[in-house]
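Reviewing the structure listed below.
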Amino acid sequence: MPRRYVIALIKHETNTFSPVATNLSSFGHGNGPAFGAAARARFENTNTPMAAYLDIARREAAEIVTPVAAESWPSNKASRATFETLLAPLEDAVRAGCDAVMLDLHGAMVIEDCDDAEGEIVKRIRRIAPHLPIAVTLDYHTNLSGDLVDNATVITGYKTYPHVDMYEAGMQAGGILKGALDGAIEPVMAWGWKPLLASVMRHAPEDGPSGDILAFARRMEADGNVLAATLLPSFPHADTRYTGLSAIVVGDARHGGREHARMACNHMLNMAWERRAEYVFHAPPLRESVAAAKAFGLAHPGAPVLLIDHCDNCGSGGAQDVMTVVAEILEQQLDDVAIAPIRDAQGVATMIDAGAGQNVRLKLGGRTDMPSIGLAGKPLEVEGRVLAITDGEFVVTGPMYTGVRMHLGRTAVLDTGQVQIVVTERPHEPFDLGVFTHAGIDPRKKRYIMLKSRIHYRAGFKGIASHIVECAGEGVTNADLSVYPYRNLTRPIYPLDSM
């Protein structure tokens, strides 16, 4: 008889300081969760762990059950009711019987009455089927818990940021699980945690301390000493007792894997702790950053200069309507600028009512207050021509989330003469050129590009840029962790406390 695999995706990165609510409709990036065949269709043939799981099952000619696929942009805590709606189909599928479960999870999901949603998901599956093999993939920005580790059979995570290896992580987890089902290996996991609150702006392996740690992890895997080695630098905007840097390593218990896994895990954690000061991000004043970007663009015409508005990124829970950096760009009179995206449904409606080609004056953005950090929304008055109106849909062609359809909601482009601003109804992190090209803007021909992103922009935009300037605006994804009123962290923790 063919094996029966249950394959599911439930993902949310919870910023407990975010002013953005997380409703059931938030999943599916605003289209709601997908169930059954629709769940499979949404993610097959994409660069995601779920797609990898589907390919593993298909090659084995296994029966495939996809009860749910639900992913939301980061935001505040989801309700218990929303969580139960997502989890119920998965539990029903397991109760119906299966040979294994493969889960595409995040690792930093918080709901209103539980700080460890992923741990609860796996624990509840384990209660239904105590001996069921369970594979889990986690996002690079995971806050790992003992409950999750204790109830999973194998855990792997991404080694890249931007996350361009999601499919690879799924193949790794699913491959280890299949090896266990075939009796070829006996997975065993070692994990650990450090009281280190690492700024997301210092997570990128290519220019942060994580790079050397991940290189070691890859060497251990390549040498065959371990089956999988994963560094999880944390998601510092989730105020929970689990928040902090961790590592998890999978070994084969039949070949000294327990000892190899523990050694590799300890070494990775020690490397991170010894270099903890490098995980602190130091930002220059915004005025200086924008001035530097302007000077470089004037002195080096050709490829565009990127200005990265990293304090208001929806990919980490930002409102994506803070206008601080845009205002500074206009104040310093940068010219030939493309900006994306500003989330402002009311602004989009005003431009659509006016129509393409028409001039409009509107108060743009600034519609969201952020009481957790004492910041009030402040719209920016702008005037210009409506350059384009779109449905906000495109398929990603770049290396991150390749093949996934994006839904920005109705979208309009405002051209002020100096800048062209992509304004959307829904949030979206700009990691693919499609955020501009679907609206008729070729970003490669601009002198400057401003993106509301942190690191993921590198997937689609780094290759076209002449220079990159990080701009410290305002918002709930501020890289300065001292601005947040933490109450639930395990203390002491670096760098908030002396250690």
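The values are calculated or read from the model by the stated rules, or taken from the named source; none is laboratory data. Keep in mind that this is a model prediction, so the values were computed, not measured. Here the Cβ is made from the backbone with ideal geometry for all residues, glycine too, and neighbour counts use every protein chain on show.
Cβ contacts < 6 Å: first residue polar (S, T, N, Q), restricted to segment 217-236; second residue not in a loop (DSSP other than H, G, I, E, B), any location; separation 6+ or different chain. Result?
Asn225/His260; Thr230/Thr156; Thr230/Gly157; Thr230/Ile248; Ser234/Leu245
Counting residues that are closer than 23 Å to Pro233 by Cα and in the same structural domain as Lys11 (by TED's automatic domain parsing), which helices (runs of 4 or more DSSP H) fully inside segment 73-184 reach at least 3?
117-128, 146-151, 166-181
Quick check: is even one residue across segment 428-439 part of a loop (DSSP other than H, G, I, E, B) and either outside the structural domain of Val305 (by TED's automatic domain parsing) or closer than 23 Å to Ala277 by Cα (or both)?
So far as segment 428-439 goes, no, none of its residues is part of a loop (DSSP other than H, G, I, E, B) and either outside the structural domain of Val305 (by TED's automatic domain parsing) or closer than 23 Å to Ala277 by Cα (or both).
Output the residues belonging to segment 154-166 that are in contact with a helix residue (DSSP H, G or I) (Cβ under 7 Å, 6 or more places away or on another chain) and surrounded by fewer than 23 Cβ atoms within 10 Å (Cβ to Cβ). Even if it seems obvious, please write down each step before you answer.
Residues of segment 154-166 in contact with a helix residue (DSSP H, G or I) (Cβ under 7 Å, 6 or more places away or on another chain): 154-159, 162, 164, 166.
The one that is in contact with a helix residue (DSSP H, G or I) (Cβ under 7 Å, 6 or more places away or on another chain) and surrounded by fewer than 23 Cβ atoms within 10 Å (Cβ to Cβ): Val164.
From the list Ser466, Ser482, which residue is polar (S, T, N, Q), at negative phi and in contact with a His (Cβ under 9 Å, 6 or more places away or on another chain)?
Working: Ser482 fails: in contact with a His (Cβ under 9 Å, 6 or more places away or on another chain).
After applying the criteria, what remains is Ser466.
Name the single residue that is surrounded by the most Cβ atoms within 10 Å (Cβ to Cβ) among those in segment 29-49 being touching a Ser or Thr at 6+ places or on another chain (Cβ under 8 Å) and part of a helix (DSSP H, G or I).
Checking each candidate, the answer is Pro49.
Whether any residue in segment 251-260 is under 20 Å from the mean Cα position of the chain (by Cα), touching a residue at least 40 places away in the same chain (Cβ under 8 Å) and either in the same structural domain as Asn143 (by TED's automatic domain parsing) or assigned to a helix (DSSP H, G or I) (or both) is what I want to check.
Filtering segment 251-260 down to residues under 20 Å from the mean Cα position of the chain (by Cα) leaves none.
Looking for residues that are under 20 Å from the mean Cα position of the chain (by Cα), touching a residue at least 40 places away in the same chain (Cβ under 8 Å) and either in the same structural domain as Asn143 (by TED's automatic domain parsing) or assigned to a helix (DSSP H, G or I) (or both), one finds none in segment 251-260, hence no.
In this structure, is Ala247 surrounded by fewer than 16 Cβ atoms within 10 Å (Cβ to Cβ), in the same structural domain as Ser75 (by TED's automatic domain parsing) and of a type outside the set (Asp, Glu)? Break it down into steps so the answer makes sense when it comes.
Values: surrounded by fewer than 16 Cβ atoms within 10 Å (Cβ to Cβ): no; in the same structural domain as Ser75 (by TED's automatic domain parsing): yes; of a type outside the set (Asp, Glu): yes.
Against the criterion (surrounded by fewer than 16 Cβ atoms within 10 Å (Cβ to Cβ), in the same structural domain as Ser75 (by TED's automatic domain parsing) and of a type outside the set (Asp, Glu)), Ala247 does not qualify.
Looking for whichever is closer than 22 Å to Arg258 by Cα, charged (D, E, K, R) and either touching a Cys at 6+ places or on another chain (Cβ under 9 Å) or surrounded by fewer than 22 Cβ atoms within 10 Å (Cβ to Cβ) (or both) here; the options are Asp182, Asp92, Asp99, Asp113. Which one fits?
Values: Asp92 fails: closer than 22 Å to Arg258 by Cα; Asp99 fails: closer than 22 Å to Arg258 by Cα; Asp113 fails: closer than 22 Å to Arg258 by Cα.
Within the list Asp182, Asp92, Asp99, Asp113, the selection yields Asp182.
Quickly run through segment 7-49 and pick out the residues that are in contact with a strand residue (DSSP E or B) (Cβ under 6 Å, 6 or more places away or on another chain) and hydroxyl-bearing (Ser, Thr, Tyr).
Selection gives Ser18, Thr22.
Of the residues that make up segment 393-416, is at least one crowded, with 20+ Cβ neighbours inside 10 Å and over 30 Å from Thr46 (Cα atoms)?
Yes; the residues of segment 393-416 include at least one that is crowded, with 20+ Cβ neighbours inside 10 Å and over 30 Å from Thr46 (Cα atoms).
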